[in-house]
Amino acid sequence: MSAADRSLEPGTVEPLLKGRLGRPLRFVEEAESTQALLGPDDPEGALAVAEHQTAGRGRLGRRWEAPSGTAITASVLLRPAAGAPIQQLSLVAGLAVAETVEDTLQLSAQLKWPNDVMVDRRKVAGILAEARERVVVLGIGLNVNQTREQLPEGARTSAASLRTIDGEERDRAPLLADLLARLELHYDAWATGGLDAVFDGIGSRDFLRGRRVRIDGHEGVGAGLDRAGRLLVDGRPVESGEVELV
Ligand code: BTN
């Protein structure tokens, strides 16, 4: 397999796209963050992809880092209806990523509320949904070909890549195309039917269910997600926050 085959350049990705997400595709070798490459003037479905981010962002002001050409670092522009509960989009996108990972590895993946995708108790992907002027820029970071040494050390949740899980190096373009197709399916279902329309796939992959967690200083046991996508801790719904495993 040549280096070109492994790239995420438009010539490699566009022929694999199946739906409307991913078009137009803005590809750059390097950007501070793909989140900054999209804005309200872009159409729904616009995609920004970078081989390397110099200031990749995670949730809660954290950094998201990956060596050039190893991960999928992409942002998609969405235009949900006014008043839609856009905080649910992290879970909707997480479902698309989890299914893509499962299909690739033939292993089950879980969603760690609100935005992480886990395999074997390690984080393989994170989602960052940012709302701006009537649009949502949905960022996806999926660890694909990093070696163990290339993964961030000392992260709160230990990280894995698809490669550290099964030893295989893979093309990222088919993974990205598959992920976008699944995201489109789940996003459209959510847009018309709300979270209920995709809840089974999300609820059944809940990583925190039955685990002891601390969230904003309170400890309790994860008791699933409610139909609004909130985390239930000892039966009480939590809207947002930082979850630590105890
Ligand atoms: C998290 O785990 O806290 C979210 C990580 C989101 C990372 C992706 S990579 C593509 C997009 N650009 C960014 O700067 N962040 C998101």
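The values are calculated or read from the model by the stated rules, or taken from the named source; none is laboratory data. Nothing here was measured: the structure is a model prediction, and the numbers come from that model. Using ideal geometry, Cβ is built from the backbone for each residue, glycine included, and neighbour counts are taken over all protein chains shown. The protein model used for the area step is the full one, side chains on, heavy atoms only, and it has no ligands, DNA or RNA in it. Shrake-Rupley method; radii C 1.70, N 1.55, O 1.52, S 1.80 Å.
Pairs of C-alpha atoms in the chain farther apart than 32 Å represent 15 percent of all such pairs. Would you compute the Debye intensity of region 142-182 from its alpha-carbon atoms alone, equal scatterers and no solvent, and pass along log10 I(q)/I(0) at q = 0.14, 0.19, 0.29, 0.31 Å⁻¹ to two decimals? With one equal scatterer per Cα and no solvent, log10 I(q)/I(0) is -0.36, -0.60, -0.96, -1.02. The value obtained for region 51-191, namely the Cα convex hull volume divided by the number of residues, is 105 Å³ per residue. Taking a Cβ cut-off of under 12 Å around Leu77, the surrounding Lys, Arg, Asp and Glu residues balance to a net charge of +1, with basic ones at +1 and acidic ones at -1.
For region 1-75, the square roots of the Cα gyration tensor eigenvalues, ordered a ≥ b ≥ c, give a/c of at least 1.5 with a/b no greater than b/c, which places it in the oblate category. Remark: the His218-Glu239 segment gains 6.2 nm on full extension, using 0.36 nm per residue and subtracting the alpha carbon distance.
At what distance in angstrom do the alpha carbon centres of region 6-85 and region 129-174 lie from each other? Using only Cα atoms to place each centre, the spacing works out to 13 Å. For Lys112, the residues 5 or more places off, or on other chains, whose built amide H falls under 5 Å of its own are Val117, Met118, Phe207. Counting every Cα pair in region 134-246, what percent are over 21 Å apart? That tail contains 56 percent of the Cα-Cα pairs.
Compare His218, His52 by solvent-accessible area with a 1.4 Å probe and give them largest first, with all protein chains kept in place.
From most accessible down to least: His218, His52.
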